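Colleague: Here it is, the structure, as structure tokens.
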Amino acid sequence: MSDATRAEMCVAACAEAFRGDGEILASAMGVIPMLGARLARATFARDLLISDGEATLLDEDGVAEGWIPFRTVFDTLWAGRRHVMMGASQIDRFGNQNIACIGDWQKPKAQLLGVRGAPGNTINHATSYWVPNHSPRVFVDRVDFVSGIGWDRGAAEIRVVVSNLGVFDFDTPDNAMRLRWFHPDVTVEEIAAATGFPLSVEDASETPSPGDEALRVLREVLDPSDTRDAA
């Protein structure tokens with residue numbers, strides 16, 4: 001067992017989401033997912049293209065190595081050569097995501113971001129999610145509004161959901177969410193209690209710890225100021 005913190009386990013789990021993707025554009029939203037994408041690029045996924053969220057392509061050290069104008073992002077998106085890791089205010093058992101509103105959309109209790117790029121992302125290429133606070137309010141039986149479509153609505157590929165408690169995929173006969181990994185010091189029972197729908201947990205195991213080299217790269221190269229623990 002390494003001395004990895006919970007945040008470092010989450011970064012490593014986000015990195016694993018990009019394993020095997022090859023030469024595609026990895027678009028990661030937020031500190032933990034971005035560190036995950038950069039860690040993947042620096043250690044085992046050297047072909048990944050990583051943007052700064054705008055128009056610059058970055059190498060594993062965060063140094064600009066190319067430029068991708070906004071119109072080209074859409075060309076890449078429509079061609080399926082992209083894997084995005086987004087957030088989710090709500091997500092259901094089939095990976096339908098809500099970032100638009102809470103409550104009835106005609107008179108919502110809370111107005112959120114809107115659908116943003118979620119429909120185009122989920123219908124065209126691989127999509128994963130990062131949820132920093134796993135709770136029944138986020139992992140719901142039915143989302144209040146569908147921003148990004150799930151497996152039951154024809155999504156191209158909903159890959160994984162990484163939360164502060166574990167990692168979830170959809171490798172089941174009906175593409176319903178299952179628990180793949182639980183983070184150290186988290187129990188399956190805790191995860192089930194924090195999820196608003198039944199989870200398949202039979203084959204779940206502990207999240208693999210990042211190796212010494214991955215931790216060195218994360219701590220010394222990618223995030224020496226330790227922004228990951230504050231994210």
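Colleague: Any chance you could count how many residues in segment 32-68 are in contact with a helix residue (DSSP H, G or I) (Cβ under 7 Å, 6 or more places away or on another chain) and assigned to a strand (DSSP E or B)?
Modeller: Here the count works out to 1.
Colleague: Additional query: Out of Arg71, Arg19, report the one residue that is in a loop (DSSP other than H, G, I, E, B) and either within 26 Å of Leu179 (Cα to Cα) or free of Cβ contacts under 8 Å to residues at least 24 places away in the same chain (or both).
Modeller: Among Arg71, Arg19, only Arg19 is in a loop (DSSP other than H, G, I, E, B) and either within 26 Å of Leu179 (Cα to Cα) or free of Cβ contacts under 8 Å to residues at least 24 places away in the same chain (or both).
Colleague: Within segment 129-144, can one find any residue that is under 17 Å from the mean Cα position of the chain (by Cα), surrounded by fewer than 22 Cβ atoms within 10 Å (Cβ to Cβ) and basic (Lys, Arg)?
Modeller: The answer is no, given that none of the residues of segment 129-144 is under 17 Å from the mean Cα position of the chain (by Cα), surrounded by fewer than 22 Cβ atoms within 10 Å (Cβ to Cβ) and basic (Lys, Arg).
Colleague: Restricted to segment 82-133, and to residues that are among the aromatic types (Phe, Trp, Tyr) and touching a residue at least 60 places away in the same chain (Cβ under 8 Å), which residue is nearest to Ile68 (Cα to Cα)? Write out each step before concluding.
Modeller: Filtering segment 82-133 down to residues among the aromatic types (Phe, Trp, Tyr) leaves 94, 105, 129-130.
Narrowing the set further to residues that are touching a residue at least 60 places away in the same chain (Cβ under 8 Å) leaves 94, 130.
Numbers: Phe94: 32, Trp130: 24 Å.
Filtering segment 82-133 for residues that are among the aromatic types (Phe, Trp, Tyr) and touching a residue at least 60 places away in the same chain (Cβ under 8 Å), the one nearest to Ile68 (Cα to Cα) comes out as Trp130.
Colleague: If you go through segment 56-64 one residue at a time, do you hit one that is free of Cβ contacts under 8 Å to residues at least 60 places away in the same chain, exposed (fewer than 12 other Cβ atoms within 10 Å of the Cβ) and out of contact with any Cys (no Cβ under 6 Å at 6 or more places or on another chain)?
Modeller: Yes.
Colleague: Inside segment 14-31, can you point out the residues that are surrounded by fewer than 24 Cβ atoms within 10 Å (Cβ to Cβ) and among the hydrophobic types (A, V, I, L, M, F, W, C)?
Modeller: Answer for segment 14-31, where residues must be surrounded by fewer than 24 Cβ atoms within 10 Å (Cβ to Cβ) and among the hydrophobic types (A, V, I, L, M, F, W, C): Ile24, Leu25, Met29, Val31.
Colleague: Let me ask something additional. Kindly indicate whether any position in segment 41-50 is more than 16 Å from the chain's Cα centre (by Cα), surrounded by fewer than 16 Cβ atoms within 10 Å (Cβ to Cβ), closer than 25 Å to Asn164 by Cα and hydrophobic (A, V, I, L, M, F, W, C).
Modeller: yes
A quick yes/no check of all residues on (1) farther than 27 Å from Asp229 by Cα; (2) of a type in the set (Ser, Thr, Tyr):
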residue: Ser147; (1), (2): yes, yes
residue: Val161; (1), (2): no, no
residue: Val186; (1), (2): no, no
residue: Glu189; (1), (2): no, no
residue: Ala193; (1), (2): no, no
residue: Ser205; (1), (2): no, yes
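Colleague: Can you list the strands (runs of 3 or more DSSP E) found entirely within segment 135-231 that contain at least 3 residues being free of Cβ contacts under 8 Å to residues at least 40 places away in the same chain?
Modeller: 178-182
Colleague: Where residues in segment 74-102 are over 19 Å from Arg159 (Cβ atoms) and out of contact with any strand residue (DSSP E or B) (no Cβ under 7 Å at 6 or more places or on another chain), which of them is surrounded by the fewest Cβ atoms within 10 Å (Cβ to Cβ)?
Modeller: Once the filter is applied, the top-ranked residue is Asp75.
Computed from the coordinates by the stated procedures, all read-outs in this text should not be read as laboratory data. These numbers were taken from a predicted model, which means no experiment stands behind them. Virtual Cβ from ideal backbone geometry, glycine too; neighbours counted across all protein chains shown.
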